[in-house]
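Trainee: I'd like to ask you about the structure that follows.
The values are calculated or read from the model by the stated rules, or taken from the named source; none is laboratory data. In this text, all values refer to a predicted model and were calculated from it rather than measured experimentally. Here the Cβ positions follow ideal geometry from the backbone for every residue, glycine too, while neighbour counts run over all protein chains shown.
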C-alpha cells in the first residue's frame with residue numbers, strides 16, 4: 001500500500017489524474033477505489049499496522065499522510081481543518097438554538113493566516129458549513145490570497161446544506177434554522193458557491209438530518225446537483241452511527257459520511273468503519289477532541305466567554321465530561337503520548353476505515369499542534385487494547 005508520506009513542501013497539487021510530488025519525492029496517484037492500509041485486529045476493530053508509522057529521518061511535524069477519500073478518486077490529508085471554530089462569533093435566536101453557536105471571535109486576517117499555514121503544512125482538506133458564521137467567506141478569501149508557492153496546491157473543500165442562518169427584519173440575532181426541502185437545499189448550495197467563490201464545490205453533505213427531514217429526498221437533490229456539476233461529490237454528516245450505517249446499507253448514494261468519533265464516543269469502531277472501508281465510503285471524523293474536552297486546555301472551573309457555545313453547558317455536565325477525559329490520562333502519564341490532544345487524534349488515525357479527522361483550530365498554533373499528529377502514526381496495539389477496556393468501564397458507569 002502506498003502510504004503517501006511526504007516531506008511537506010508541496011510542488012504539485014494532489015489532484016485527480018496528477019502525481020503527488022513533495023520536495024522531489026513523487027508517486028503516481030492511484031485511481032479511485034477503496035485501498036486498504038496495512039492493518040491488524042483487536043476483536044472487530046481494525047487498526048493501522050505499526051509498520052505504517054515507522055519513523056523517517058524528518059523532524060516532528062514535517063510530514064503529512066494522505067488517504068483515499070473512499071471511491072471518489074481523491075486523496076486527502078489525514079488531518080484536515082475543521083472551520084467550525086474559525087468562522088468567528090455567531091449569536092442566534094429561535095426555537096432550534098438560542099445563544100452563542102460557535103467558539104467566539106476570529107478575525108479575517110487570523111483565519112487567512114491559519115488556512116495558509118495549514119496549506120504549507122500539507123493540509124488539503126477543509127470542512128465547513130453555512131452555519132459556521134463567516135467560515136465559507138474566510139476560506140474563499142484565504143484561497144484567493146494564497147502565496148505564490150501554494151497557488152498550484154489543489155484544496156478539497158467540503159461544505160454542508162440543510163442548516164442555515166436566516167437574518168431577521170428588526171436587525172436582531174439571526175435565526176438558526178433547518179430546512180432540507182429541495183428548494184431550500186438548492187438555494188443553500190448556490191449561496192455556498194457564492195460565498196466560496198467557486199463554480200463547483202468539491203463536496204456537499206446534508207447537515208445531520210433526522211428521519212423526518214428526509215421526506216423530500218434531499219440526498220436525491222444532491223445527486224441532481226452533482227449531475228449538473230454544481231458539486232463534485234455528495235454525502236451526509238450523519239447524526240449518529242446507526243443512521244450512518246443505514247445510509248451505507250440501505251441507501252447507498254452517499255460517497256462521503258461524516259460522523260462524530262472520539263475516545264469518549266467510540267461507537268463507530270464496531271460496525272461503521274469496517275463497513276465503510278469495505279464499501280469504499282470516505283469517512284470524515286468530526287469532534288475528535290469532543291468540543292475541547294480532550295484537548296487538555298481547560299479545567300472544570302474554566303469560564304467560557306459569552307460568545308462560546310460551551311458557556312451553555314451546565315457546570316455538572318462539564319465536570320463529568322472532564323472526568324471521563326481524565327480517564328485516558330494514563331496515555332500521557334505512561335509516555336505513550338505527550339498530551340491528551342495527541343493521544344485523542346492518534347487514536348482516531350489508528351483506524352484504517354478513517355479517511356480524515358477534522359479538528360478545529362482558531363489560530364495557526366492550534367492548527368500546527370493538530371497537524372503534527374500525522375508525523376507520529378497510530379497508537380501502539382497494546383494501548384489501543386487498553387483504551388477499549390477504559391471505554392467499557394465508562395460505559396458500565
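Trainee: Quick check on my filter: what residues within region 95-115 are in a loop (DSSP other than H, G, I, E, B) and surrounded by fewer than 16 Cβ atoms within 10 Å (Cβ to Cβ)?
Mentor: We begin by selecting, within region 95-115, every residue in a loop (DSSP other than H, G, I, E, B); these are 95-98, 101-107.
Correct list: 95, 96, 98, 105, 107.
Trainee: Among the residues of region 231-283, count how many are surrounded by fewer than 16 Cβ atoms within 10 Å (Cβ to Cβ) and under 21 Å from residue 71 (Cβ atoms).
Mentor: Counting residues in region 231-283 that are surrounded by fewer than 16 Cβ atoms within 10 Å (Cβ to Cβ) and under 21 Å from residue 71 (Cβ atoms) gives 8.
Trainee: Could you pull out every one of the helices (runs of 4 or more DSSP H) wholly within region 317-397 that has 1 or more residues that are modelled with pLDDT of 95 or more, closer than 27 Å to residue 135 by Cβ and in contact with a strand residue (DSSP E or B) (Cβ under 6 Å, 6 or more places away or on another chain)?
Mentor: Once the helices (runs of 4 or more DSSP H) in region 317-397 are filtered for at least 1 residues that are modelled with pLDDT of 95 or more, closer than 27 Å to residue 135 by Cβ and in contact with a strand residue (DSSP E or B) (Cβ under 6 Å, 6 or more places away or on another chain), what remains is 340-349, 364-371.
Trainee: Looking at this structure, is residue 126 part of a strand (DSSP E or B), touching a strand residue (DSSP E or B) at 6+ places or on another chain (Cβ under 7 Å), in contact (Cβ under 8 Å) with a residue 12 or more places away in the chain and crowded, with 24+ Cβ neighbours inside 10 Å?
Mentor: Taking the combined requirement at face value, the residue satisfies it.
Trainee: Could you grab the pairs with beta carbons closer than 7 Å, sequence gap of 6+ or different chains, first residue in region 321-333 and farther than 15 Å from residue 292 by Cβ, second one assigned to a helix (DSSP H, G or I)?
Mentor: Pairs found: 327/390; 327/394; 329/340; 331/343; 331/383; 332/340; 332/343.
Trainee: If the Cβ limit is 7 Å and pairs must be 6+ apart or interchain, which residue in region 275-292 that is at positive phi and modelled with pLDDT of 95 or more pairs with which residue that is crowded, with 19+ Cβ neighbours inside 10 Å and not in a strand (DSSP E or B)?
Mentor: Pairs found: 280/70.
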